[in-house]
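One structure is given below, encoded as structure tokens.
The values are calculated or read from the model by the stated rules, or taken from the named source; none is laboratory data. All figures in this text were calculated on a predicted structure; none of them were measured in a lab. Cβ atoms come from the backbone with ideal geometry, glycine included; neighbour counts cover every protein chain shown. The accessibility values were calculated without ligands, DNA or RNA, using every heavy atom of the protein model including side chains. Shrake-Rupley method; radii C 1.70, N 1.55, O 1.52, S 1.80 Å.
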Amino acid sequence: APPRVVVVGGGFAGATCARAVKRADPTVAVTLVERSPRYTACPMSNAVIAGLRDMGAQEFGYDGVAAEGVELLRGAAVAVDPQARRVRLEDGTALPYDRLVLAPGIDLRFDALPGYDEAAAERMPHAWKAGPQSLLLRRQLEAMEDGGVVVMAVPANPYRCPPGPYERASLIAHYLKTHKPRSKLVILDAKDAFSKQRLFEAAWQELYPGLIEWVSLSFGGRVTEVDAASKTLVTEFGQHRADVATVIPPQRAGAIAAAAGVADRSGWCPIDPVTFESTLQPGIHVLGDAAIAGAMPKSAFAANGQAKVCAAAVVTLLRGETPPAPKLVNTCYSLVAPGYGISVAGVYHPKDGLLREVEGAGGTSPPNAPPETRALEARYAEAWFHTITSDVFG
Ligand code: FAD
């Protein structure tokens, strides 16, 4: 019988990996298990929240993946038996595998921030999984009166998309400046520093002077409790009443990771940096946001690259050979305003058991760049989104 690879999760990581295994060796039987019929992409979803983009531009189907010979199974994986090498789906189906790839993304931790549960998220949207939550936040901003206060809660590291909260702050500020100029935005942050901070702060000074207040950890930014009914966010230093609040709670790997025994006490999944095989369960690989990928951020760009490296490793391992050490790349674009983009890039390689940044490679957009540079990067952001979604779903 041909070797069987099962991939759980059809996001940037899983859909890429399923296709790449099939391309690398068409004799391998590849099954992709995904719970939803369509995928809603998070990158650019902050622009949807700010009313700059349609939700339709974020949605993708799986026809392209199926056309490549990947068997698609719609359903949720709920359990894994690593000894018998079988995945069980919600409907009872058992799928045998020779190698299993888990790419379930994140779960929001509704147990981590007192007062913030699924019901609270309907009043104070996280919008950290794009879809109805993004549209809810957009409607709330639209309904807010001029002069209102928007409050954001941002978690400590690690979490999905390190610069994402600050892109969101920027684009909400753009919306407020354009439509509700007497309003304010307060960012309550559980950190003292963040990705592309110098670039974001310089842009906020330039584009949104006085509009955004960033409260860092040391100045009492960490949110310890929320009250959804009154839209109040409590910090160690006081209380903030919001007219609109977006609360990004702490996160962990999607539930199937813990069920399979590949998540550690942090809630994330330690992996071998060459093969992405779990260090806790042989035969199971973990990709994308769910994995502890050392210095690599939890991004769609990273997930896509990791998936290609893992697919090549899986095919090599199925042949009984040893995969070579990879080099990985990441670039994260952020929009600060329409026509104003900034980016951070890095190169990564396995070193002492972890993915570490290659010194001297990568960097951020230059500070003090002319507007043409920022405009070009905004175009690159759009082009990147088109390229990666065509690669994964096209
Ligand atoms: P996901 O994309 O979440 O995919 C996981 C899939 O697995 C989902 O389709 C889910 O339905 C499925 N699934 C989970 N569990 C099961 C199960 N048990 N059974 C079946 N199916 C299951 N990244 C960038 O590179 N650039 C950006 O500009 C960028 N902007 C962002 C902006 C925002 C606001 C946010 C929130 C994120 C952004 N990201 C960006 C990050 C990016 O979205 C994630 O890093 C990326 O989606 C991770 O891919 P993944 O495949 O690991 O997880």
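Listed values, structure above:
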item	result
Qualifying position, being more than 9 Å from the ligand (Cβ to nearest atom), surrounded by fewer than 22 Cβ atoms within 10 Å (Cβ to Cβ) and more than 22 Å from Cys310 (Cα to Cα), among Gly69, Gly51, Gly64	Gly51
Every pair of residues 6+ apart whose Cβ atoms lie under 6 Å, when the first sits in region 73-85 and is part of a strand (DSSP E or B) while the second is of a type in the set (Gly, Ala, Ser) and at pLDDT 95 or above	Ala79/Ala259; Val80/Ala260
Flag for Val78 being of a type in the set (A, V, I, L, M, F, W, C), over 29 Å from Leu141 (Cα atoms), surrounded by fewer than 16 Cβ atoms within 10 Å (Cβ to Cβ) and within 14 Å of the ligand (Cβ to nearest atom)	yes
Identity of the residue in region 141-168, farther than 21 Å from Ala57 by Cα and part of a helix (DSSP H, G or I), that ends up farthest from the ligand (Cβ to nearest atom)	Ala143
Only one of Glu225, Glu201, Glu206 that is open to solvent by 60 Å² or more (accessible area, probe 1.4 Å), of a type in the set (D, E, K, R) and touching a Gly at 6+ places or on another chain (Cβ under 8 Å)	Glu225
Any hit, region 242-265, residues being in contact (Cβ under 8 Å) with a residue 40 or more places away in the chain, surrounded by 21 or more Cβ atoms within 10 Å (Cβ to Cβ) and touching a Ser or Thr at 6+ places or on another chain (Cβ under 6 Å)	yes
Filter result for the condition that a residue is within 22 Å of Glu34 (Cβ to Cβ), modelled with pLDDT of 95 or more and open to solvent by 20 Å² or more (accessible area, probe 1.4 Å), over Glu122, Glu118, Glu142	Glu118
Residue under evaluation Ile212, criteria (1) within 16 Å of the ligand (Cβ to nearest atom); (2) closer than 21 Å to Tyr333 by Cα; (3) crowded, with 21+ Cβ neighbours inside 10 Å; (4) hydrophobic (A, V, I, L, M, F, W, C), criterion not met	(1)
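Condition check ((1) modelled with pLDDT of 95 or more; (2) within 11 Å of the ligand (Cβ to nearest atom); (3) open to solvent by 30 Å² or more (accessible area, probe 1.4 Å)) across all residues:
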residue: Ile292; (1), (2), (3): yes, no, yes
residue: Ala312; (1), (2), (3): yes, no, yes
residue: Leu328; (1), (2), (3): yes, no, no
residue: Ser334; (1), (2), (3): yes, yes, no
residue: Gly339; (1), (2), (3): yes, no, yes
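Every residue, every condition in (1) in contact with a helix residue (DSSP H, G or I) (Cβ under 8 Å, 6 or more places away or on another chain); (2) acidic (Asp, Glu); (3) without any contact (Cβ under 8 Å) to a residue 40 or more places away in the chain, yes or no:
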{"site": "Tyr116", "(1), (2), (3)": "no, no, no"}
{"site": "Met124", "(1), (2), (3)": "no, no, no"}
{"site": "Pro132", "(1), (2), (3)": "no, no, yes"}
{"site": "Leu136", "(1), (2), (3)": "no, no, yes"}
{"site": "Leu141", "(1), (2), (3)": "yes, no, no"}
{"site": "Glu145", "(1), (2), (3)": "no, yes, no"}
{"site": "Gly148", "(1), (2), (3)": "no, no, no"}
{"site": "Pro155", "(1), (2), (3)": "no, no, no"}
